[in-house]
Amino acid sequence: MTNRETGMENTQTLRTHDQTGTPGCQAYHDEPRSEDGKRVSESLYWEKYYEHPYFSYEWNRGYLEEKPVSDLMNVEAGRWFLRVLEAFLETYPLAKITQWEFGFRLALPGRTTIRRPDIGVALNDNPDGLGPDDRTFSGVFDLCVEIISDSTPEEVRRDTVHKKREYGGIGVREYYILDARGRHTAFWHLAKGGFYRVIRPDSRGVIRSGVLPGFQFRESDLVRQPSLREMSEDRVYRDFVLPYYQAEKLRAEKAEKVALEEKLRAEKAEKAAQKERLRAEKAEEVAQTERQRAEEAEQRAEYLAAKLSELGISLE
């Protein structure tokens, strides 16, 4: 894949001439053309073609190889993978990333190539390291990722066969091929002898890197492409995706829990106070009833005393 995903602005020069050189009515366009397959020296490649303004070239044993363009589905899968990788390295800054155009030299037995992986990862303890002013990588990447270009069988073979052999031979510790359709998706880890062994997903479909401890992703998510916020709540990704959002969310949840507990305590206190008020009101009603009874008893006694007095009967 190349970073010129949406195509190239072709320079156009309009010229009109008649047979005598006088301006006439015939027009044609002078457009840049790919030099894919052209034989050039390595020094000329670095001088003229590595930073070509219109085409992205790799160099394979003396010949230019134009990097093909992936289709949109695979471009989006590659972008999603890159976001996950960047999120991981933001949380755990173990390495630096290069993208699309960054090349490195593979001095292999009997041949030399210059490759430009779609994503290159160099660990901080890589003996060559990546500097802020570098335009190429002088060492060997620890992880290379290619986003499949499958317009032709040769493009597929370049990623799945040729580059796999080259990356393994030079010592790239892990090599991933991303294919949103799943036809060529592959993940390899370098074993003894310079041969790649397959990194197989676990029972949940999760791929785990041996080069970046803790970096993992669900293979099916290359198609589904969940958002960072969604991944921050997924147990596969939550250890490294948006940790600040997660911490803020936990703080908000804790504050909400405290507020809820305070509300429940207040409601409980209000219920207790209400119950006490009801008890006091009931006691007041009982006291009022007793007072009324006493008053009525006193009135009856006075009434009886008056009647007895009328009859001339004394209680003394």
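From the residues in the stretch 134-149 that are free of Cβ contacts under 8 Å to residues at least 60 places away in the same chain, more than 24 Å from the chain's Cα centre (by Cα) and in a loop (DSSP other than H, G, I, E, B), which one is nearest to SER41 (Cα to Cα)?
Within the stretch 134-149, the match that is nearest to SER41 (Cα to Cα) is SER138.
Does TYR244 satisfy being under 19 Å from PHE88 (Cα atoms) and modelled with pLDDT under 85?
It is true that TYR244 is under 19 Å from PHE88 (Cα atoms) and modelled with pLDDT under 85.
Go through (1) of a type outside the set (Asp, Glu); (2) over 23 Å from the mean Cα position of the chain (by Cα); (3) farther than 17 Å from ILE170 by Cα and name the single condition GLY110 misses.
If we test GLY110 against (1) of a type outside the set (Asp, Glu); (2) over 23 Å from the mean Cα position of the chain (by Cα); (3) farther than 17 Å from ILE170 by Cα, just (3) comes out false.
Scan the stretch 168-181 and tell me whether some residue there is closer than 25 Å to TRP46 by Cβ and part of a strand (DSSP E or B).
Yes; the residues of the stretch 168-181 include at least one that is closer than 25 Å to TRP46 by Cβ and part of a strand (DSSP E or B).
Tell me which residues, restricted to the stretch 161-184, are β-branched (Val, Ile, Thr) and surrounded by fewer than 17 Cβ atoms within 10 Å (Cβ to Cβ).
Across the stretch 161-184, the qualifying residue is only VAL161.
Looking only at the stretch 58-104, which residues are part of a loop (DSSP other than H, G, I, E, B), farther than 22 Å from TYR244 by Cα and either modelled with pLDDT of 95 or more or of a type in the set (Lys, Arg) (or both)?
ARG61, GLY62, LYS67
Return the residues of the stretch 199-232 that are of a type in the set (Phe, Trp, Tyr) and surrounded by fewer than 16 Cβ atoms within 10 Å (Cβ to Cβ); say none if nothing qualifies.
Matches in the stretch 199-232: none.
Criterion first (touching a strand residue (DSSP E or B) at 6+ places or on another chain (Cβ under 8 Å) and of a type outside the set (Asp, Glu)) does TRP80 satisfy it?
In short, no.
Taking the condition of being part of a loop (DSSP other than H, G, I, E, B) and exposed (fewer than 13 other Cβ atoms within 10 Å of the Cβ), how many residues in the stretch 39-50 meet it?
Residues in the stretch 39-50 being part of a loop (DSSP other than H, G, I, E, B) and exposed (fewer than 13 other Cβ atoms within 10 Å of the Cβ): 1 in total.
List pairs: first residue in the stretch 223-243 and farther than 26 Å from ASP71 by Cβ, second residue in a loop (DSSP other than H, G, I, E, B) and among the charged types (D, E, K, R) anywhere in the structure, Cβ distance under 6 angstrom, at least six positions apart or on different chains.
Going by the 6 Å Cβ cut-off, the qualifying pairs are SER232/ARG238.
Pairs needed: first member in the stretch 38-63, farther than 18 Å from PHE137 by Cα and in contact (Cβ under 8 Å) with a residue 40 or more places away in the chain; second member anywhere, among the aromatic types (Phe, Trp, Tyr) and part of a loop (DSSP other than H, G, I, E, B); C-beta distance under 6 Å; at least 6 residues apart or different chains.
Matching pairs, first to second residue: none at all.
Here is a yes/no grid of residues against (1) out of contact with any helix residue (DSSP H, G or I) (no Cβ under 9 Å at 6 or more places or on another chain); (2) among the hydrophobic types (A, V, I, L, M, F, W, C):
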residue	(1), (2)
LYS164	yes, no
TYR196	no, no
VAL206	yes, yes
PRO213	yes, no
ARG218	no, no
VAL236	no, yes
PHE240	no, yes
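Give the residue that is farthest from PHE55 (Cα to Cα), with candidates limited to residues of the stretch 92-133 that are in contact (Cβ under 8 Å) with a residue 40 or more places away in the chain and among the basic types (Lys, Arg).
ARG111
For GLU101, state whether it is more than 20 Å from GLU174 (Cβ to Cβ), under 25 Å from the mean Cα position of the chain (by Cα) and not hydroxyl-bearing (Ser, Thr, Tyr).
Answer is yes for this residue.
Give the residues of the stretch 130-149 that are in contact with an Asp or Glu (Cβ under 9 Å, 6 or more places away or on another chain) and more than 23 Å from ARG83 (Cβ to Cβ), sorted by residue number.
Answer for the stretch 130-149, where residues must be in contact with an Asp or Glu (Cβ under 9 Å, 6 or more places away or on another chain) and more than 23 Å from ARG83 (Cβ to Cβ): ARG135, SER138, GLY139, VAL140.
Of the residues LEU130, LEU143, only one is at pLDDT below 95, in contact with a Phe, Trp or Tyr (Cβ under 9 Å, 6 or more places away or on another chain) and either within 22 Å of PRO213 (Cα to Cα) or buried (at least 22 other Cβ atoms within 10 Å of the Cβ) (or both); which?
LEU130
The values are calculated or read from the model by the stated rules, or taken from the named source; none is laboratory data. All of these numbers come straight from a predicted model, not from anything done at the bench. Ideal geometry is used to build each Cβ from the backbone, glycine not excepted, and the neighbour counts take in all protein chains shown.
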